[in-house]
Structures are given as C-alpha cells and as structure tokens.
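Asks: Quick one: the structure is below, and I'll ask about it shortly.
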Amino acid sequence: LEIRNDMNTLLKEVEQFTSSKKIEIDNLKIQEEYRRDFLGNVAHELKTPLFTVQGYLETLLDGAMHDKSVREKYLERAQNGVDRLIYIVNDLDLITKIESDVVNLNKTNFDIVELFKEVFELLELNADKKGIILLFDRKHHKPIYVKADKDKIRQVLINLVENSIKYGNEKGSTEVSIEPLIKNKLIVKITDNGLGIDKKNLPRVFERFYRVDKSGARSQGGSGLGLAIVKHIIEAHQERIYVNSELKKGSEFSFTLELGQELLD
Ligand code: ADP
C-alpha cells in the first residue's frame, strides 16, 4: 500500500511538472509570435517612406535634377520621407525604452496644469494650421499637483493632444479637464470634436501599429505607436486609461493619476 501511495504522489508530481513546462512553452510561443509580428510591422512601416525616398532620388539621378523646379520639389519630397523615417524610428526607440523601463519611474510632485500649458505651446503651431483651439476647462487657473514621472506624463500629454489635433476637424477644439475622482486620485480628460472612432475599432486603438484608417492615418504622419506608448506609461504608473468615442462626433481619452501634495515654498 505504501509503495502504491508513493507511486501516486510521484505520478502527480510528474504530471504537475509537465503541465507547468507546457505553460512555459506556450508562453514562449506567444512571445515568439509577438516578436515576429512586431518585426514584420516595423519592416512594413519603414518600407513605404524608404521606397518614396529611393524613388525620388532615382528620378533625380535619371535626369530630373537638371530642371531646377522639379529638383526642388523632389528633394523636398525625399526630405519629407526622411523626416517620416526619423519620426518612426524615434517612436520605436521610445517604445522599446519604455517597455524595458517599467520599474524605473522617477516620481515627483509637479503641477499638471503647468505641464499642459507647456505641451499646448509646443503644439500650438500644429493646432493653428487647422484652426483648432486648445482649451483648458475654465476652472483650472490654479495649480493641480500630481505625483508621477513628469517626463513620461509629458509624453502622454503630447501624444494625446497631438492626436486630438491630427484627427480633429478644421476649426474644431481640444479641451482638457482635470477632475477629482476618488480619495487620492484624479482623472484627466482630453476631448476633441473630430473624426471619432467607430465601436468596432475602439478596443484596438491601443495596440501597436493599429490604425483605424490606414492610409489616412499614415498621411497624418503618425507611426501607429503613439497610443501604445501612452497606455504603457499609464499602466506602469498602476493607473488606468479609457477611451470614449463616437464616429463623426469626437473622442475623449481619459486617464487617472495620483494626487500630489501642494509644494510649500
Ligand atoms: P498614429 O500614429 O496612427 O496616430 P496612434 O497609436 O496615436 O497612432 O493612434 C492609433 C489610431 O487611433 C490612429 O491611427 C487613429 O486611427 C486613431 N485615433 C487616435 N486618436 C484619435 C482621436 N483623437 N480621434 C480619432 N481617432 C484617433
């Protein structure tokens, strides 16, 4: 009887061991698939602007460079292609850093109203070009302190405000509001009255390289990584991000943050 019991325990252990190894293998397979998808997407994103640059340079060398006005036009287009490559490579760099840097949050107390003002100034020119106004909820003339990694939250605000301009309507607006949520939390909302996103695409907008309107969004100059970066930063802070949107009406991106303390001078 004793031997049989021992055998049973041994069998159970072997079973447990094999099933844990099976889970490990499944996880490795998922990681491998993800890595392959990621590389495929990167190659695909880089190809289009690279071929554009190559096309213009080739045409120039084939003789187009002898005509001054054509030369200027093609060089400018080639340069736009290079700018786009730089934009994509910068975002790739950023997402790789952010994904491997989750634990390295450098949290400080800072005024988020002030940070929004800085971001508005940075993007004012883009907004002006489309006649979009960047607004603050009128209540926010006083500082609001939060406890978070300021550089990373700056990136979040830039990406969200930039999107609200890119996908906003001509002469529309982007409005920011910051409200208390529960105890020591507040919620930051960035609302636009632009293109909006339909229900079926909404759950996917935070995925890397996902775009609702592929060619439309690409012509806006994005990399398809902006919202993936935003989500990663917010979740690294153990906070949450939400999106509400209605096609042709507009979108509202919101996220939670930890309330900071008033700084004493
Ligand atoms: P992209 O570089 O293409 O802007 P993002 O990750 O920032 O990439 O956004 C993913 C997609 O989500 C965009 O291509 C666009 O289709 C959609 N999107 C993001 N923000 C908005 C917004 N404010 N209004 C409408 N659509 C948006």
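A short reminder: the numbers here are calculations on the coordinates, not readings from a lab. Values in this document were obtained by computation on a predicted structure and should not be read as measured data. Positions of Cβ are generated from backbone atoms using ideal geometry, with glycine treated the same way; all protein chains shown enter the neighbour counts.
Asks: With 31 Å as the limit, write out which pairs from LYS22/LYS152; LYS129/LYS152; LYS107/LYS139; LYS139/LYS249; LYS171/LYS200; LYS139/LYS200 have Cα-Cα distances beyond it, or answer none.
Replies: LYS22/LYS152; LYS139/LYS200
Asks: Here's a follow-up. Return one number: the angle in degrees, 0 to 90 and rounded to the nearest 10, between the long axis of the Cα atoms of helix 2-61 and the longest principal axis of the Cα atoms of the chain.
Replies: Roughly 10 degrees between the two axes.
Asks: Under a 10 Å cutoff between Cα atoms, tell me which one of SER100, SER19, SER177 has the largest fluctuation in the Gaussian network model of the chain.
Replies: Comparing SER100, SER19, SER177 in the GNM, the peak value goes to SER19.
Asks: How much length would be gained if the chain were fully extended between LYS183 and GLU207, taking 0.36 nm per residue of separation minus their Cα-Cα distance, in nm to one decimal?
Replies: 5.6 nm
Asks: While we're here: Could you work out the percent of alpha carbon pairs in segment 1-49 separated by over 16 Å, rounded to a whole number?
Replies: 63 percent
Asks: By how many degrees, 0 to 90 and rounded to 10, does the Cα axis of helix 226-236 deviate from the longest principal axis of the chain?
Replies: Relative to the chain, helix 226-236 is tipped by roughly 40 degrees.
Asks: Then there is this: D for segment 65-168, whole µm²/s, Stokes-Einstein with Kirkwood Rh over alpha-carbon pairs at 4 °C and 1.567 mPa s: what number? Each step should come with its number before you reach the end.
Replies: Working: Rh = 16.7 Å.
D = 78 µm²/s.
Asks: Same structure again: Give the calculated FRET efficiency between GLN238 and SER20 to the nearest 0.05, with a Förster radius of 35 Å applied to their Cβ-Cβ distance.
Replies: That pair, GLN238 with SER20, gives E of 0.80.
Asks: Here's a follow-up. Roughly speaking, what is the stretch gain from LYS12 to SER69, that is 0.36 nm per residue apart minus the C-alpha to C-alpha distance, in nm to one decimal?
Replies: Answer, rounded to one decimal: 12.6 nm.
Asks: For the chain, modelled as a Gaussian network with Cα springs under 10 Å, which listed residue fluctuates most, GLU24, GLU99, GLU246?
Replies: Taking springs between Cα atoms under 10 Å, the residue moving most is GLU24.
Asks: Find, among the GluC sites (Glu not before Pro) in segment 123-192, those assigned to loop by DSSP (not H, G, I, E, B) with at most 15 other beta-carbon atoms within 10 angstrom.
Replies: Details: sites: GLU124, GLU162, GLU170, GLU175; in loops: GLU170.
For GluC sites (Glu not before Pro) across segment 123-192 that sit outside H, G, I, E and B with at most 15 neighbouring Cβ atoms in 10 Å, the list reads GLU170.
Asks: Now, a different point. Can you give the translational diffusion coefficient of segment 140-181 in µm²/s, computed by Stokes-Einstein from the Kirkwood radius over Cα pairs at 20 °C and 1.002 mPa s?
Replies: Roughly 175 µm²/s, to the nearest whole number.
Asks: With the cut-off at 1.5 for a/c, could you classify segment 131-202 from its C-alpha gyration tensor as rounded, prolate or oblate? Write out the running numbers ahead of the final one.
Replies: Values: a/c = 1.81, a/b = 1.55, b/c = 1.17.
Judged from the Cα gyration tensor, segment 131-202 comes out prolate (a/c at least 1.5, a/b above b/c).
Asks: Something else: Have a look at THR18, THR174, THR59 and tell me which one the Gaussian network model of the chain (Cα, springs below 10 Å) gives the largest fluctuation.
Replies: THR18
Asks: Considering only DSSP beta bridges where both residues belong to segment 93-221, give the percentage that are antiparallel (nearest 5).
Replies: DSSP beta bridges in segment 93-221 are roughly 75 percent antiparallel.
Asks: Hey, rough spin-label estimate for THR59 and LYS147, points 7 angstrom out along Cα→Cβ, what's it come to in nanometres?
Replies: Result for the modelled spin labels: 5.8 nm.
Asks: Find which of LEU39, ILE3, LEU125 sits farthest along the positive direction of the dipole of segment 1-153, computed with +1 on the beta-carbon of Lys and Arg, -1 on that of Asp and Glu, about the Cα centre.
Replies: LEU125
Asks: Let me ask you something else. I'd like to know how the chain sits against the 2.2 N^0.38 Å rule of thumb: what's its Cα Rg over that expected value?
Replies: Ratio of Cα Rg to 2.2 N^0.38 Å: 1.33.
Asks: For segment 118-258, divide the Cα radius of gyration by the Kirkwood radius and give the resulting Rg/Rh value with two decimals.
Replies: Result for segment 118-258 is an Rg/Rh of 0.94.
Asks: Can you tell me the dipole magnitude for segment 47-130 around its Cα centre, using point charges on the Cβ only (Lys, Arg +1; Asp, Glu -1), in Debye to the nearest 20? Please list the in-between numbers first.
Replies: On the way: 11 positive and 16 negative charges, 62 e Å.
With Lys and Arg at +1 and Asp and Glu at -1, about 300 debye.
Asks: Suppose we look only past 21 Å in the calculated P(r) of segment 1-86. What percent of the Cα-Cα pairs does that tail hold?
Replies: Everything past 21 Å amounts to 62 percent.
Asks: Still on this model: Compute the helix-to-body angle for 150-166: its Cα long axis versus the longest principal axis of the chain, expressed 0 to 90° and rounded to tens.
Replies: 60 degrees
Asks: Counting helices only, and only those DSSP H runs with n ≥ 4, report the 222 nm mean residue ellipticity of the chain as the sum of -39,500 (n - 2.57) divided by its residues, in deg cm²/dmol to the nearest 500. If you can, show how the numbers build up before the last one.
Replies: Numbers: 6 runs with 145 residues, N = 265.
Computed mean residue ellipticity for the chain: -19500 deg cm²/dmol.
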